[in-house]
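A short reminder: the numbers here are calculations on the coordinates, not readings from a lab. Being a predicted model, the structure only gives us computed values, none of them experimental. Virtual Cβ from ideal backbone geometry, glycine too; neighbours counted across all protein chains shown.
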Amino acid sequence: MSAIPSTLSFLDVSGSLGALENGTLLGIFLFGIETLQTFHYYRHFSQDSNLLKAVVGFVWVLELGHTISAWHALYSQTITFYGQPGHILSPAVSEETTIIFAALIYTVVQAFFANRVRVLSGRWYIMALACVLGLLRLVGHVGIVALLLHYSRVTIVLEWRWLVTSSLSLDLSVDLLITASLCYCLWNMRSCESKRTRTMVDTLILWAIESTILTSAASVIQIILFMTRNDLVWEGVFVIQAKLFSNAMLASLNGRKNFRECTNIDVVSDINFRLSHRKPDTSTTSCVDMRGQRSFDVETNEKKGGSSSI
């Protein structure tokens, strides 16, 4: 167990309030982008399932709560308790609610991407493992909130450093598991002779990697800052990470429109929590793996306005 640093380390304004303020302001900017993405999604993808549309709306509501909580925590420390630096050690309850909202956002978004792996692979165990790890991470965040509420001082997280580090590590592990599994499933589908299909799969792999880089980098930065510094700089990264997750999910959904326009093809839906089958009205190229356990249907978009999900 690490020794508790001196209180003076936490009272460094540039290292604590400065990081929180910068993170909150950047988080507001990212929330604005997410709101625009949400509007764009409901405007252009009304044909999606009600379940998926409900998930998108739920994530936006969680982000709204997360943003309000972060702003209230910042306002309390910089305005309400102005001139009382000791209050940094005893933050407002809104700081704890920010953690809860963030944990819920991580869980929902990663379950969304884990389900995509389940649909592409046709197997449940990867999704189940990702969900179990995600729930453990959620429990870890709830435990951190319980400690902060009980002891009413930020320094308690350093006495339970292993709990914070484990929660951040689980977040990174789930991210890498989902991305690696998704890329593996897509890579196995490149065996098709169709050049168009291979190009599409390569694009999807690139998207999968791009959507993980920022969230994974945020987790790594938080772990490094938390383990090497005695202030609250890592909180600035924590505030924006939830926004990175939700924006990654919405970007993957809204990107379907540009994907169809660039490739002139549609992809069979993989969003529903079941394997969907439908009779194609257009010419279909099917890539089936050697075991015959799954197929990846690519349709030529002969009719404008055909619906699809990736």
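At-a-glance table
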| quantity | calculated |
| --- | --- |
| Projected-area average for the stretch 157-197 over all orientations - Cα convex hull basis, square nanometres | 3.3 |
| Backbone HN-Hα couplings from phi across the stretch 34-39 [Karplus 6.51/-1.76/1.60, Hz, Gly and Pro as x] | 5, 4, 5, 5, 5, 4 |
| Residue 40-residue 152 FRET efficiency (beta carbon distance; Förster radius 41 Å; 0.05 resolution) | 0.45 |
| Shape category assigned to the stretch 40-171 from the gyration tensor of Cα positions, a/c cut at 1.5 | oblate |
| Cα centroid separation, the stretch 213-253 to the stretch 135-197 (Å) | 11 |
| Environment charge of residue 202, counting only residues whose C-beta is closer than 13 Å and scoring Lys/Arg +1, Asp/Glu -1 | +3 |
